[in-house]
Amino acid sequence: MALGRKTGGRAAGTPNRQTREVNDILQSLGCNPIEGMARIAMNSRYSAQLRGRMFAELAQYVYPKRKNLELAGAVDLNVQRAEMLQARRGAREAREQADAHGTQDFSYIGAHK
């Protein structure tokens, strides 16, 4: 692009040669792929897996795809790791106390603290 505007090539929205050829072939065969997918999706004779794939494929023509959310700011992984390790230690201590008491009743844990 020179000078910030289009100066040559195809006009915006004009299909390229390959796309035009594919469209021409499909039209000459009387084949409408969107209609075909819709027929498969709506026909209970086909597997649920195949029907689901057809619905998913068709949905992108009707509903916009959602973008992943990007989180702004820093995430302190050290805090998350410390909390995870603390939870694991607590679970290990609870198992050890249960084994020492020969019980699966954990109600006594924390009562003496």
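Yes/no matrix, rows are residues, columns are (1) modelled with pLDDT of 80 or more; (2) surrounded by 10 or more Cβ atoms within 10 Å (Cβ to Cβ); (3) of a type in the set (A, V, I, L, M):
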position	(1), (2), (3)
T19	yes, yes, no
S44	yes, no, no
L50	yes, yes, yes
Y63	yes, no, no
A87	yes, yes, yes
Q97	no, yes, no
H101	no, yes, no
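Restricting attention to the stretch 65-85, report how many residues are acidic (D, E) and loosely packed, with under 10 Cβ neighbours inside 10 Å. Break it down stepwise before answering.
Filtering the stretch 65-85 down to residues acidic (D, E) leaves 70, 76, 83.
Narrowing further to those that are loosely packed, with under 10 Cβ neighbours inside 10 Å: 70, 76.
The total comes to 2.
The values are calculated or read from the model by the stated rules, or taken from the named source; none is laboratory data. No experiment lies behind these values; they were computed from the predicted model shown. A quick note on method: Cβ atoms are made from the backbone with ideal geometry, for glycine too, and the neighbour counts reach across all protein chains shown.
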